[in-house]
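Report on the structure given below.
The values are calculated or read from the model by the stated rules, or taken from the named source; none is laboratory data. Computed from a predicted structure; not experimentally measured. Methodologically, a virtual Cβ is constructed for each residue, glycine included, from the backbone with ideal geometry; neighbour enumeration extends over all protein chains shown.
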Amino acid sequence: MSDKLIIGSRGSKLALVQAESVAAQVRQVWPCLEVQIRKIVTEGDRNMAVNIEEAGGVGIFVKALEDALIKCEIDMAVHSLKDLPVLLPDGLGLIAVTERSDPRDVLVASAPISRLNPGARIGTSSVRRSAQIRNMRPDLKTVGIRGNVDTRLRKVVSGEVDGIIVAAAAMLRLGRADEITEYLPMDCFVPAAGQGALAIEARHDNKLAADVAASINHVPTWQAVIAERAFLDYLGGGCSAPISCIAVVEDGLLKITGMVSDREGINMLKGHIEGDVANPELVGRLLAEKMLSEGAKVIVDEIRCW
């Protein structure tokens, strides 16, 4: 077995903070293992002008890392789990997740969302976030923005937008929690599947990566996100669709809430079930089936027409 582990990461400040947090966990459990982080430029980082959906969804942030895995240039890749597509290339797999940080979305603006002036411009590149903003405050305008967290925050300071919606986990990991205006409640603003957790992806044939990942995998987070990804997969939603869910393990049960919406946030459906924590994939699928039977099929079919 090799005495070196190479972790692949995007080169942004947030991505490197996330990769280093995984590397620190590995070094703690495997003190004799040499752990290196290799920066890899993705298409999403290279072309900041292109619309994410037009470029093929947020998978543009992971393809270069997956190519490096397939070529054996790195042993594992660290991603924000919400950015990792449900369907992965042959030979690769999601093999572990870290303990989840705060999964909520947050608003950075001059005032909480309920007190923003009508017509205020909220920046986000997410159709999920746009739909939920419009559902909560149809009088607000959403503006598509790209860039890292620092870039997005500067757009608020400069007045280019009146506020932005970002993941709480990103702000916390970057040490910028004091700039958060409001944590958006999950009962009306359901996070993306996997939000707040870090994904470790590797080749199925890499035993070192498998052993290392198993030693740092956070089981309750794993159970929750497997249910969330099963829900997303069963509904046929990609990472850029206005479909979201959040699962938690409480009192020995897996509790999951899902949301399906049209792009305007007008036709929105939410659902919730509790199930066996030992079979998270089934729990996610059962919630999807329940919501489809309650009217989500019409909304999902509309999404697929885009």
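Data overview
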{"item": "Exclusive hit being more than 24 Å from Pro89 (Cα to Cα), buried (at least 19 other Cβ atoms within 10 Å of the Cβ) and basic (Lys, Arg), set Arg137, Arg176, Arg152", "result": "Arg152"}
{"item": "Residue that is surrounded by the fewest Cβ atoms within 10 Å (Cβ to Cβ) [pool: residues in segment 105-128 that are in a helix (DSSP H, G or I) and touching a residue at least 40 places away in the same chain (Cβ under 8 Å)]", "result": "Ile113"}
{"item": "Of residues in segment 78-104 being touching a Lys or Arg at 6+ places or on another chain (Cβ under 8 Å) and either part of a loop (DSSP other than H, G, I, E, B) or outside the structural domain of Phe61 (by TED's automatic domain parsing) (or both), the one surrounded by the fewest Cβ atoms within 10 Å (Cβ to Cβ)", "result": "Gly91"}
